[in-house]
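I have placed the structure first, in the form of structure tokens, so that the comments after it can refer back to it.
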Amino acid sequence: MKRLNEFITEDIKTMVIAGHVNPDGDCVGTTTALYGYVKDNFPWIDVSLYLERPKEELMFLPGLTEDVFTEPVRRSVDLFVSCDVSTRDRIAAAGELFDLAKRTLCIDHHASNPNFADENFVDGDAGSCAEVLFTLFDEEKITRDIAISLYTGMIHDTGVFQYSNVRPSTLRIAAALIEKGVPFSEIIDKSFNERSLVQNRVLGYVLSKEQVFADGRIAAGCISLEEMKEYGAEKKDLDAIVANLRLTSGALAAAFVYETEPGTCKVSLRSSSDIDVSKTAALFGGGGHVKAAGCTVTGSPEEVLRTVTDALQKGMSGR
């Protein structure tokens, strides 16, 4: 695989970095890491970072100033780089600039990525986009701030190195970042473990009415807009729920459904086995990874829950 400095040439004067809609830890970690790396090592480039505002737990990451969350000015840039974006239509905030750019580069780890950019660095076996990005950097040029961003991205997409997408090289990269002075315990607590009172309460509510299907092999839960309103909860307060459903004893897969607007629901799927939940998500126009995927489905939360778990169960036939 090429190093970044083999791709970013001296004729590139303007550059935009962007992530996907509803940015998670890996998306924010990789975009801020790349932003810092370019500013440090390619001083002749006028580089801009554009993101949707992430959840508050990620706002400690270097480079997240208010300018990052502003509407980009329509213009043509020499290079547009997307990080952790699986398809062109998932680019957030600056998607129009991708179409206007003279050259485009995609850095990603989604196996379903169709290589939508001019140049694509995609490793579908990597546990996170941060892992892919690390391999493009010169390790000696990774500062503590850049290492903090990369480490944050890695822990969010590997479940703090618990998921099966962790490879030996994943842990070697994590060790290299810790050697840069990353305060790893603090980052894990701040961005991954800590929950607000609202988050704890809404988690408890969903778990209190958890359902199981397929003789306990599927754990599932759902919440409506009205129920979210009762708890004062927003979408960002729901992130930990599907992971907790997945931990149900005997469950091979988990589904969490929440209403985004009346009659429309977002579905999050997780697997704790070799069941490919991305295949179920694809049936409803979604996608993702083998063990973590999602989709949007019309209907009430209970209706969508039944529809999706039925599809999951069919995909588990013979188990």
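So here's what we get for this one:
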| quantity | calculated |
| --- | --- |
| Members of region 205-217 that are in contact with a helix residue (DSSP H, G or I) (Cβ under 6 Å, 6 or more places away or on another chain) and either open to solvent by 40 Å² or more (accessible area, probe 1.4 Å) or within 16 Å of GLU230 (Cβ to Cβ) (or both) | VAL206 |
| Residue, modelled with the highest pLDDT, within region 150-164, restricted to residues that are among the polar types (S, T, N, Q) and more than 14 Å from the chain's Cα centre (by Cα) | GLN162 |
| Output for region 239-261, where each listed residue is open to solvent by 10 Å² or more (accessible area, probe 1.4 Å) and under 21 Å from THR298 (Cα atoms) | ASP239, TYR258, GLU259, THR260, GLU261 |
| Conditions (1) at pLDDT 95 or above; (2) open to solvent by 70 Å² or more (accessible area, probe 1.4 Å); number of the one not met by ILE107 | (2) |
| Unmet requirement for ASN22, which otherwise passes all of (1) touching a residue at least 60 places away in the same chain (Cβ under 8 Å); (2) not in a loop (DSSP other than H, G, I, E, B) | (2) |
| Any hit, region 266-274, residues being open to solvent by 30 Å² or more (accessible area, probe 1.4 Å), at pLDDT 95 or above and out of contact with any helix residue (DSSP H, G or I) (no Cβ under 6 Å at 6 or more places or on another chain) | yes |
| Region 192-204 residues that are closer than 20 Å to ILE155 by Cα and open to solvent by 70 Å² or more (accessible area, probe 1.4 Å), paired with ones that are at pLDDT 95 or above and of a type in the set (Gly, Ala, Ser) (beta carbon under 6 Å, 6 or more apart) | none |
| Qualifying residue in region 130-149 (condition: farther than 21 Å from ALA243 by Cα, without any contact (Cβ under 8 Å) to a residue 40 or more places away in the chain and in a strand (DSSP E or B)) | no |
| Residue match in region 90-103 (condition: open to solvent by 20 Å² or more (accessible area, probe 1.4 Å), at pLDDT below 95 and of a type in the set (Lys, Arg)) | yes |
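Condition check ((1) within 23 Å of GLN199 (Cβ to Cβ); (2) in contact with an Asp or Glu (Cβ under 9 Å, 6 or more places away or on another chain); (3) free of Cβ contacts under 8 Å to residues at least 24 places away in the same chain; (4) among the charged types (D, E, K, R)) across all residues:
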site: VAL242; (1), (2), (3), (4): yes, no, no, no
site: VAL257; (1), (2), (3), (4): yes, yes, no, no
site: LEU269; (1), (2), (3), (4): yes, no, no, no
site: ALA281; (1), (2), (3), (4): no, no, yes, no
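The values are calculated or read from the model by the stated rules, or taken from the named source; none is laboratory data. These figures come from a predicted structure and were not determined experimentally. All Cβ positions, even for glycine, are placed from backbone atoms using ideal geometry, and neighbour counts span all protein chains on display. In case anyone asks, the SASA skips ligands and DNA or RNA and just uses the protein heavy atoms, side chains included. Shrake-Rupley method; radii C 1.70, N 1.55, O 1.52, S 1.80 Å.
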